[in-house]
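The values are calculated or read from the model by the stated rules, or taken from the named source; none is laboratory data. Computed from a predicted structure; not experimentally measured. Neighbour counts are summed over all protein chains in view; Cβ atoms, including those assigned to glycine, are modelled from backbone coordinates with ideal geometry. Ligands, DNA and RNA are stripped out before the accessible areas are found, and what is left, the full protein with its side chains, is counted by its heavy atoms. Shrake-Rupley method; radii C 1.70, N 1.55, O 1.52, S 1.80 Å.
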Amino acid sequence: MDIKRVKDYIYWLYYQYLLITCSYVLEPWEQSMFHTITVTVVAMVVYTAYVFVPIHVRLALEFFSQIFEAQPESTV
């Protein structure tokens, strides 16, 4: 890929982001605050997913493996 095409594509993605969030109508200082809050929230969501999702998946697998594993028949 050409560097110019990659640069244009990144600019196009940023423009789409501005249009979707309607932040293109904000003043520059408002855009800065909006982008800071957005990046912070996305970072917290990614961190939370990275830390807690594997723990919950492991616990769910342990729970379902106990339910579905072959249980010995009663001797009564």
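What are the ³J(HN,Hα) couplings of region 27-39, residue after residue, when phi is run through the Karplus curve with 6.51, -1.76, 1.60 and θ = phi - 60°? Round to Hz, x for glycine and proline.
Taking θ as phi minus 60°, the curve returns 6, x, 5, 5, 4, 4, 5, 4, 5, 4, 5, 4, 5 Hz for region 27-39.
For region 44-49, take each phi angle, set θ = phi - 60°, evaluate the Karplus expression 6.51 cos²θ - 1.76 cosθ + 1.60, and give the result in whole Hz per residue in order, putting x for glycine and proline.
5, 5, 5, 4, 4, 5
Which angle from 0 to 90°, rounded to the nearest 10, does the C-alpha axis of helix 3-21 make with the longest principal axis of the chain?
Orientation of helix 3-21: about 80 degrees from the principal axis.
Could you tell me the largest-minus-smallest coordinate of the C-alpha atoms of region 3-70 on each of the three principal axes, in descending order and whole angstroms?
62, 30, 18
Using the beta-carbon distance between V25 and V53 and R0 = 30 Å, what value does 1/(1 + (r/R0)^6) give for FRET efficiency, to the nearest 0.05?
0.25
Okay, helix-only estimate at 222 nm for the chain: each DSSP H run of n ≥ 4 adds -39500 (n - 2.57), divide by all residues, round to 500 deg cm²/dmol; what do you get?
Mean residue ellipticity at 222 nm (helix-derived): -28500 deg cm²/dmol.
Solvent-accessible area per residue for the chain at a 1.4 Å probe radius, Å²?
I get 95 Å² per residue for this part.
Which whole-Hz ³J(HN,Hα) couplings does region 56-62 yield from phi under the Karplus relation 6.51 cos²θ - 1.76 cosθ + 1.60, θ = phi - 60°, glycine and proline marked x?
Couplings: 5, 5, 4, 5, 5, 5, 4 Hz.
How high is the FRET efficiency between Y17 and M44 when r is their beta carbon distance and R₀ equals 25 Å, given to the nearest 0.05?
Using R0 = 25 Å, I get an efficiency of 0.85.
What is the percent carbon and sulfur in the accessible area of region 1-66, measuring with a 1.4 Å probe over the protein chains and ignoring ligands?
That share works out to 75 percent.
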